[in-house]
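Peer 1: Next up is a structure, given as structure tokens.
The values are calculated or read from the model by the stated rules, or taken from the named source; none is laboratory data. Quick caveat, the model's predicted, so the values are computed rather than measured. Here the Cβ positions follow ideal geometry from the backbone for every residue, glycine too, while neighbour counts run over all protein chains shown.
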Amino acid sequence: MIYLELFLNFLKIGAFTFGGGYAMISLIRETALANGWLNDFELTNLIAVSESTPGPIAINMATFVGSSQGGLLGAILSTLGVILPSFIIILLIATLAKNLLKRPIIKSALSAMRPCICALILSTSLIMALDILFGIDKIGTAFSFDIRAVIILAMIVLSKFIWKKAAKKAPSPIALIVLSAILGMGLYSI
């Protein structure tokens, strides 16, 4: 049954991912691909939409995947599955162990998880960059350079650099997302 599948898969993602929403992207991607829920192109678009809409990216992604596979009930169950483990863990930490994070063993465990979280985020970024910029989505895939994607990336990086130099602070991520959407509409409609 799709509803139980969605709930259990997202419960597993929520229970075994440390580092927040960005660390969950690779697991959501692998789960959605393995189950045939979405393809690479749909996942890339999902990440872009999830990043640009309000709310945590992992919850947005879980809601979308659940909705695409099981409608409203699928969206609710996927969202519940991905947030339930964190909710229970934070509730336990807040109520049972106020000083738990000060213990050396807990500090050591959390410090040891940081490189793994960094690797998950970097690998997802690299996979997306190869797919979006060069059309490489699997080993052995033919090289397909997307000049429009490279132009948009270059213009966003340049805009961020110029804004930071002129205003002495980083531009709003929302402004950069809006700028990239405008550039995308212009370049991809040509």
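Peer 1: Which condition breaks for Lys169 when tested against (1) loosely packed, with under 12 Cβ neighbours inside 10 Å; (2) more than 26 Å from Pro54 (Cα to Cα)?
Peer 2: (2) is the only condition that Lys169 fails.
Peer 1: Of the residues Ser50, Ser78, which is in contact with a Phe, Trp or Tyr (Cβ under 7 Å, 6 or more places away or on another chain), within 25 Å of Leu153 (Cα to Cα) and either at pLDDT 95 or above or not aliphatic (A, V, I, L, M) (or both)?
Peer 2: Exactly one of Ser50, Ser78 is in contact with a Phe, Trp or Tyr (Cβ under 7 Å, 6 or more places away or on another chain), within 25 Å of Leu153 (Cα to Cα) and either at pLDDT 95 or above or not aliphatic (A, V, I, L, M) (or both), namely Ser50.
Peer 1: Next question, about the same structure. Looking at Asp146, Asp137, Asp131, which is the one that is closer than 16 Å to Ser180 by Cβ, surrounded by 14 or more Cβ atoms within 10 Å (Cβ to Cβ) and among the acidic types (Asp, Glu)?
Peer 2: Checking each option against the conditions leaves just Asp146.
Peer 1: Being of a type in the set (Phe, Trp, Tyr) and more than 15 Å from the chain's Cα centre (by Cα) is the filter here; which residues of region 17-39 pass it?
Peer 2: The one that is of a type in the set (Phe, Trp, Tyr) and more than 15 Å from the chain's Cα centre (by Cα): Trp37.
Peer 1: Is there a residue being assigned by TED's automatic domain parsing to the domain that holds Ser111, over 21 Å from Pro173 (Cβ atoms) and of a type in the set (Ser, Thr, Tyr) anywhere in region 37-57?
Peer 2: no
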